[in-house]
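Asks: Let me begin by handing over the structure; questions about it come next.
Values in this text are rule-based calculations from the coordinates and carry no lab data. Computed from a prediction, not measured in an experiment: that's the story for all the values here. So basically every Cβ, Gly included, is an ideal-geometry build from the backbone, and we count neighbours across all protein chains shown.
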């Protein structure tokens, strides 16, 4: 260790390296999976995908430093709130617009779009149940 490196600097450097490995394993697995699926190897692609997920968790739990700290959790909390606000606004306006579109025109909403909106609803139901669970544990 040189005179300019402190234990904190080394720890932050290791944290950054482990994070890059974690997220790189996921991104690499997804890219390889898509390539393998396009070349006709869906099962191999799925295996690579799961290998990336296992690598992510192995790096996360197998490191000697804490990869995430309270700043990261706060950042994720803020990002989650922003995402829910955006998805909620799109869901409210979009659902109303699609209902009016079917009432006022002859247009029929495709099943895929209806499924996407049910997915949005399921996401908010899962959040609500999770919130109630954690709220009851306080």
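Asks: Just to verify a number: FRET efficiency for residue 134 and residue 75, C-beta to C-beta distance, R0 = 25 Å, to 0.05? Mind dumping the intermediate values first?
Replies: On the way: r = 19 Å, r/R0 = 0.76.
FRET efficiency, residue 134 to residue 75: 0.85.
Asks: I would also like to ask the following. Kindly provide the helix-only [θ] at 222 nm of the chain, computed as the sum of -39,500 (n - 2.57) over DSSP H runs of four or more divided by all residues, to the nearest 500 deg cm²/dmol?
Replies: Per the formula, -29500 deg cm²/dmol.
Asks: May I ask for the angle, rounded to the nearest 10°, between helix 70-104 and the longest principal axis of the chain, with both axes built from Cα atoms and the value confined to 0 to 90°?
Replies: Between helix and principal axis, roughly 10 degrees.
Asks: Using only the alpha-carbon atoms of the stretch 6-112, report the extent along each of the three principal axes, biggest first, to the nearest angstrom.
Replies: Largest first, the stretch 6-112 extends 67, 40, 16 Å along its Cα principal axes.
Asks: Just to verify a number: FRET efficiency for residue 125 and residue 41, C-beta to C-beta distance, R0 = 35 Å, to 0.05? Let's see the in-between values first.
Replies: On the way: r = 36 Å, r/R0 = 1.03.
The value I calculate is 0.45.
Asks: Another question, then. For the stretch 84-138, what does the convex hull of the Cα positions come to per residue, in cubic angstrom?
Replies: Numbers: hull volume 3.8 nm³, N = 55.
Convex hull of Cα atoms, per residue: 69 Å³.
Asks: Sort 63, 80 so the one with the fewest other Cβ atoms within 10 Å of its own Cβ comes first.
Replies: 80, 63
Asks: Cα-based Rg (one decimal) and Dmax (whole number) for the stretch 14-67, in Å?
Replies: 12.5, 40
Asks: Turning to a different aspect of this structure: State the Cα centre-to-centre distance between the stretch 93-128 and the stretch 40-66 in whole Å.
Replies: The distance from the Cα centre of the stretch 93-128 to that of the stretch 40-66 comes to 34 Å.
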